[in-house]
Amino acid sequence: MQYQSANTDSLMYITNRPALVFERGEGSWLYDHTGKAYLDFIQGWAVNCLGHCPPEIATALSTQAAQLINPSPAFYNGPMVKLASLLTENSCFDRVFFANTGAEANEGAIKLARKWGRLNKGGAHEIITFDHSFHGRTLATMSASGKAGWDTLYAPQVPGFHKAAYNDIAAVDALIGPKTVAVMLEPVQGEGGVIPAEVEFLKALRALTEARGVLLIVDEVQTGMGRTGKLFAYEHAGITPDIMTLGKGIGGGVPLAALLAREAICCFEPGDQGGTYNGNPLMTAVGLAVTKALLAPGFLAGVEARGQYLSQKLLELSARHGLKGERGSGLLRALVLADERGPDIVKRGLELAPQGLLLNSPRPNLLRFMPALNVSEGEIDQMIAILDGLLKG
């Protein structure tokens, strides 16, 4: 109750926040200042891959904080080196640059591609992205994104980004020209409505980019780190991208991101890229603990199984209520509604008593589900039961 009369005026207004303050979390549950519990199927927008306050992260933070927090990115540190090695050992990439946010990682990918184009492709710098894509909130990543209205919000945009229709290989082919250096896409468009790239489209895209001498960048800020049942979503298509970006789940709740690339693409020189906190041992120690947890025997198979279970339960719910089905990959899924009451369902779920439900509606006609990767079938059943009641209301 101590926060009920708290003055929030010192916080800059950027979004509509409910009049509550979360004080603690455990696994799939959050608890506010009144002690009310909320079943959390947002998890910080697919950030808390191991749930709230997992012991692996708490231990990594406390142990590392007592040893070394930030020696400067001008020096190597142990967790940085170990995490980079673990990521390259378990992917098709050779080098890693650590950053703090997904947008920063995507900025780095854009810069790396442009420099590679200057050195290897006659100054080619244009990047093809996709309608309804989301790559971050910096000026360059907003320009790369295909989100409606962002082309004028902070105009003028950063030039050099052309938008193609998603899952349409002919649309991409038509946009490739002499100035094209890369194609960049999310394997599943999260903010765009949880729309997966078709496996055949990804295979055709890799073949097309290789034939035209163009780089392929996969933005796995939301889909990476086990979210789709594979460590990285590109693995479902059996392709080898040139560049990949990670964020969200790699830190399990702390600010950590990564830019990965094949050796042949790595052309940064000293002074080209950096960042005060990039690769600091406190954050990379957490990333190391998270990655080891995801790679533990059976963990990713469990994600895939629970993703199929969630899909099945959403389809059953859709059939009962005459909705339009569900879609997604692994534990990144969406329920497609028959109308635009998504925001109202989110609001009523939050206000439920004695326990609330946290959901997300990136589009008015759908609900998005991003639970912890270790969510239980029982918690999925509990969410479905609550949502069933909300859909009846």
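The values are calculated or read from the model by the stated rules, or taken from the named source; none is laboratory data. These numbers were taken from a predicted model, which means no experiment stands behind them. Note that each Cβ is placed from the backbone with ideal geometry, even for glycine, and that neighbours are counted across all protein chains shown.
Only a single criterion out of (1) within 18 Å of the chain's Cα centre (by Cα); (2) within 14 Å of F134 (Cα to Cα) is not satisfied by I243, namely (2). Checking each residue of segment 129-142 against the condition of being within 16 Å of the chain's Cα centre (by Cα), outside any loop (DSSP other than H, G, I, E, B) and touching a residue at least 12 places away in the same chain (Cβ under 8 Å) gives at least one match. Based on this model, can you work out whether Y234 counts as crowded, with 19+ Cβ neighbours inside 10 Å, assigned to a loop (DSSP other than H, G, I, E, B) and among the hydroxyl-bearing types (S, T, Y)? Taking the combined requirement at face value, the residue does not satisfy it.
Of the residues that make up segment 149-163, is at least one under 19 Å from the mean Cα position of the chain (by Cα), among the hydroxyl-bearing types (S, T, Y) and surrounded by fewer than 23 Cβ atoms within 10 Å (Cβ to Cβ)? Checked segment 149-163: no residue is under 19 Å from the mean Cα position of the chain (by Cα), among the hydroxyl-bearing types (S, T, Y) and surrounded by fewer than 23 Cβ atoms within 10 Å (Cβ to Cβ). From the list L288, L358, L350, L323, the one residue that fits, being in the same structural domain as Q222 (by TED's automatic domain parsing) and not β-branched (V, I, T), is L288. Against the test of being in a helix (DSSP H, G or I), closer than 30 Å to G177 by Cβ and either touching a residue at least 12 places away in the same chain (Cβ under 8 Å) or among the β-branched types (V, I, T) (or both), the options T245, T284, T240, T209 yield a single qualifying residue, T209.
Of the residues making up segment 121-148, just one is within 11 Å of M184 (Cα to Cα) and surrounded by fewer than 21 Cβ atoms within 10 Å (Cβ to Cβ), namely E126. Within segment 361-373, can you find the residues that are in contact (Cβ under 8 Å) with a residue 60 or more places away in the chain and buried (at least 20 other Cβ atoms within 10 Å of the Cβ)? Answer for segment 361-373, where residues must be in contact (Cβ under 8 Å) with a residue 60 or more places away in the chain and buried (at least 20 other Cβ atoms within 10 Å of the Cβ): L366, R368, F369, M370, P371, A372, L373. Filtered by the rule that a residue be in contact with a Pro (Cβ under 9 Å, 6 or more places away or on another chain) and of a type in the set (D, E), segment 162-220 gives E191, D219, E220.
Residues are listed down the side, and each one gets a yes or a no for (1) buried (at least 20 other Cβ atoms within 10 Å of the Cβ); (2) among the hydroxyl-bearing types (S, T, Y); (3) out of contact with any Lys or Arg (no Cβ under 7 Å at 6 or more places or on another chain):
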site: A296; (1), (2), (3): no, no, yes
site: F299; (1), (2), (3): no, no, yes
site: Q312; (1), (2), (3): no, no, yes
site: L317; (1), (2), (3): no, no, yes
site: E326; (1), (2), (3): yes, no, no
site: E340; (1), (2), (3): no, no, yes
site: G349; (1), (2), (3): yes, no, yes
site: V375; (1), (2), (3): yes, no, no
site: M383; (1), (2), (3): yes, no, yes
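Collect the residues in segment 56-91 that are assigned to a helix (DSSP H, G or I) and of a type in the set (A, V, I, L, M), keeping them in residue-number order. Answer for segment 56-91, where residues must be assigned to a helix (DSSP H, G or I) and of a type in the set (A, V, I, L, M): I57, A58, A60, L61, A65, M80, V81, L83, A84, L86, L87.
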